[in-house]
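The values are calculated or read from the model by the stated rules, or taken from the named source; none is laboratory data. Note that the coordinates shown come from a computational prediction; the quantities given were computed from them, not determined experimentally. Cβ sites come from the backbone with ideal geometry, for glycine too, and all protein chains shown count toward neighbours.
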Amino acid sequence: MKIFLIGFMGSGKTTLGRKLASRLGYEFIDLDHKLEQQVELSIAEYFQIFGEDAFRKLESEVLKKTLYPDNAIISTGGGLPCYFDNMGWMKANGKSIYIKLSPKTLADRLETGKEERPLLQDKHGDALVDFIEQKLGEREKFYSQASIIVDGLSLTAEKLEQVIGEY
Ligand code: S3P
């Protein structure tokens, strides 16, 4: 089974995904990391040189061209489900789980570690919360198409495993 973890930056896709994969004995694939390996640049560098439009095209290509093993947990970039037909493609090729958190919680988590996230680099405090509220508002309609929606607050890999089992 291929399980795509989706959700806003800071929702824990990579951390939880890695732990979940190890619990299930599945391979873990981080698509942001795959993209960085392919272009030999960090995402921040890629954004700076080529811009966001080029990044969105490339992340869609990486999603669709990656060779996935039968059993994999795949963590996706926060914007990926919201561009092109990426959400439909994930639904056609596996299960998707939306890890849902409030803008305030996301902002608290994202206040540190913004350097590697080009969309957040210049935002702090209230401006960061406002930005997340607005972006999440735009993105929610894509995220909510996920096969499973889970509350990301105090979510553990164990809980995620349980949710998948019940699905
Ligand atoms: C982005 C999220 C990032 C990365 C890029 C753009 C977004 O991934 O793909 O910086 O548009 O939300 P994470 O969600 O893993 O931080």
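Table for the structure above
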{"read-out": "Conditions (1) within 16 Å of the ligand (Cβ to nearest atom); (2) of a type outside the set (Lys, Arg); (3) free of Cβ contacts under 8 Å to residues at least 24 places away in the same chain; number of the one not met by residue 154", "value": "(1)"}
{"read-out": "Flag for residue 95 being surrounded by 15 or more Cβ atoms within 10 Å (Cβ to Cβ) and under 21 Å from residue 139 (Cα atoms)", "value": "yes"}
{"read-out": "Hey, residue 28 assigned to a helix (DSSP H, G or I) and of a type in the set (A, V, I, L, M, F, W, C) or not", "value": "no"}
{"read-out": "Members of region 42-61 that are touching a helix residue (DSSP H, G or I) at 6+ places or on another chain (Cβ under 8 Å), near the ligand (Cβ under 10 Å from one of its atoms) and either at pLDDT below 95 or of a type outside the set (Asp, Glu) (or both)", "value": "42, 43, 46, 47, 55"}
{"read-out": "Qualifying residue in region 15-30 (condition: modelled with pLDDT of 95 or more, near the ligand (Cβ under 9 Å from one of its atoms), under 16 Å from the mean Cα position of the chain (by Cα) and within 24 Å of residue 157 (Cα to Cα))", "value": "yes"}
{"read-out": "Number of positions in region 46-76 that are under 19 Å from residue 10 (Cα atoms) and touching a strand residue (DSSP E or B) at 6+ places or on another chain (Cβ under 9 Å)", "value": "4"}
